[in-house]
1. Residues that are basic (Lys, Arg), touching a strand residue (DSSP E or B) at 6+ places or on another chain (Cβ under 9 Å) and modelled with pLDDT of 95 or more: does region 74-86 have at least one?
2. Between residues in region 186-200 that are within 14 Å of Thr226 (Cα to Cα) and residues that are of a type outside the set (A, V, I, L, M), which pairs lie under 6 Å by C-beta distance while being six or more apart or on different chains?
3. Scan (1) within 16 Å of the ligand (Cβ to nearest atom); (2) of a type in the set (Gly, Ala, Ser); (3) more than 17 Å from Ala80 (Cα to Cα); (4) outside any helix (DSSP H, G or I) for the single condition Ala43 breaks and write down its number.
4. Looking at the structure I just gave you, is Asn185 open to solvent by less than 20 Å² (accessible area, probe 1.4 Å), assigned to a helix (DSSP H, G or I) and assigned by TED's automatic domain parsing to the domain that holds Ser17?
5. Among Gly57, Gly18, Gly40, which is touching a residue at least 60 places away in the same chain (Cβ under 8 Å) and surrounded by fewer than 22 Cβ atoms within 10 Å (Cβ to Cβ)?
6. Any chance you could count how many residues in region 203-257 are part of a helix (DSSP H, G or I), touching a residue at least 24 places away in the same chain (Cβ under 8 Å) and β-branched (Val, Ile, Thr)?
7. Within region 46-92, how many residues are within 15 Å of the ligand (Cβ to nearest atom), in a loop (DSSP other than H, G, I, E, B) and acidic (Asp, Glu)?
Amino acid sequence: MVAVLDGRVALVTGSTSGIGLGLARRLAKAGADLVINGFGDAAEIERTRRAIEEECGVRVIHSDADMRDPAAIAAMIARAQEAFGRLDILVNNAGVQHVAPVEEFPTDKWDQILAINLSSAFHTIRAALPGMRRQGFGRIVNIASAHGLVASPFKAAYVAAKHGIVGLTKVVGLETAEDENITCNAICPGYVRTPLVEGQIADQAKAHGMSEEQVIREVILAAQPTKRFVEIDEIADLTLLLCRPENRSITGTALPIDGGWTAR
Ligand code: NAD
């Protein structure tokens, strides 16, 4: 049977962990050759790379390009295009967090979060779009956040970057609207239990003298009406839906998958 993304090539930034790894696996299962990107233990990344190749019968390469470095990002896109001859699907997922009141927010953390969570998507899109236009097909999916639509205190850089990526998504959706079959959308998840959130749970527990279970119930999931974490598989399903070649008219959107958070 032909899988829906057979013959396609996907690149997912920040895909050595958490949501990005889940999305990369799902795209590979659907038949796409893959570029994974991100940091971590080299042996573990190599095991993951080979496991996806074996499970999914696709080719997978790893790029350790730092999403703070525009030259490294351009080189990563060029390498993907050279290795596979095309790049069809670009998922901008890499992201980091830092929590502090705005007047105490370290300026280096602000710069880092803006670079990784927002500017890297500008650099990848800028480099990938000409090839998508030439081949008459492209899918860009930006992993924003519920924090791309609403704010929380103490997350100035994260909320600014995520609102920014929703804006970038709209512009790219409009600029590609008349192209053959290119779309650009943002997905806005609520809380997902990944290493990024585990860090916040541990910090809050320490700061408030609470147990981790209490922090999850009373702090983290307080904003999420379903009172449960969003599953990575749910985000992977939505990503795959947006990447399907027949879905040409969903573009320029920011789709919440947040257990009702932004319905309030
Ligand atoms: P994670 O910490 O599990 O994974 C982050 C990934 O980004 C890792 O692969 C890491 O190596 C990579 N990365 C970090 N800095 C990098 C850099 N400079 N260059 C290249 N790669 C880098 O985080 P996650 O929770 O899976 O988050 C993934 C995305 O989803 C982020 O954009 C995050 O903002 C977004 N998001 C997460 C949640 C959540 O609750 N976890 C909710 C909404 C949105």
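The values are calculated or read from the model by the stated rules, or taken from the named source; none is laboratory data. All values derive from a computational prediction rather than experimental measurement. Neighbour counts are summed over all protein chains in view; Cβ atoms, including those assigned to glycine, are modelled from backbone coordinates with ideal geometry. All accessible areas refer to the heavy atoms of the entire protein, side chains included, with ligands and DNA or RNA removed. Shrake-Rupley method; radii C 1.70, N 1.55, O 1.52, S 1.80 Å.
1. yes
2. Once the first residue is within 14 Å of Thr226 (Cα to Cα) and sits in region 186-200, its partners that are of a type outside the set (A, V, I, L, M) give Gly190/Gln224; Gly190/Asp258; Gly190/Gly259; Gly190/Trp261; Tyr191/Gln224; Tyr191/Phe229; Val192/Phe229.
3. Failing condition for Ala43: (4).
4. Working: open to solvent by less than 20 Å² (accessible area, probe 1.4 Å): yes; assigned to a helix (DSSP H, G or I): no; assigned by TED's automatic domain parsing to the domain that holds Ser17: yes.
No; evaluated as a whole, the condition is false for this residue.
5. Going through Gly57, Gly18, Gly40 in turn, the sole match is Gly18.
6. Count: 4.
7. So the count comes out to 3.
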